[in-house]
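The next block holds one structure in the form of structure tokens; read it before the comments.
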Amino acid sequence: MVDELNWLTAAVLRVTGGLDVSRVDFRLDANNHWKPYILEINPLPAGTRLFRSVIEAAAEGVDHTFLVNMILDTALKRYGMYS
């Protein structure tokens, strides 16, 4: 199920043009073999998910400042504003 949700999330972001940091929320239908339905797409996620991203990055040895700069550098390079 996790692999399917990851695939669907990536597909949704490709279709909508989501970049860098986004969150896709799903509802799973328990009466239909846990079929996922997309509830919403959050291009600027806040709250719990962003907090979990910081915790997950820290578990990999990436501190908050480095994580934010990594996201910012990716966007700057995309638009030719940084090499």
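Brief remarks on what is shown
- Equivalent ellipsoid of the chain: semi-axes from √(5λ) of the C-alpha gyration tensor, largest first, are 28, 17, 10 Å.
- Accessible carbon and sulfur surface of the chain relative to its total accessible area, %, 1.4 Å: 60
- Estimated from helical segments only, the mean residue ellipticity of the chain at 222 nm is -16500 deg cm²/dmol, where each DSSP H run of four or more residues counts as -39500 (n - 2.57).
- Relative to the longest principal axis of the Cα atoms of the chain, the long axis of helix 2-16 makes an angle of roughly 60 degrees.
- Amide hydrogen proximity for Phe26: with H placed 1.01 Å from N in the peptide plane, the residues at 5 or more positions away or on another chain lying under 5 Å are Leu39.
- Surface analysis of the chain yields an accessible area of 78 Å² per residue, using protein heavy atoms and a 1.4 Å probe.
- Along the stretch 20-30 the Karplus relation, 6.51 cos²θ - 1.76 cosθ + 1.60 evaluated at θ = phi - 60°, assigns HN-Hα couplings of 6, 10, 8, 9, 10, 9, 10, 10, 9, 8, 5 Hz to successive residues, with x for each Gly and Pro.
The values are calculated or read from the model by the stated rules, or taken from the named source; none is laboratory data. Here the structure is a predicted model, which is why all the values come from computation and not from measurement. For accessibility, only protein heavy atoms count, side chains too; no ligands or nucleic acids. Shrake-Rupley method; radii C 1.70, N 1.55, O 1.52, S 1.80 Å.
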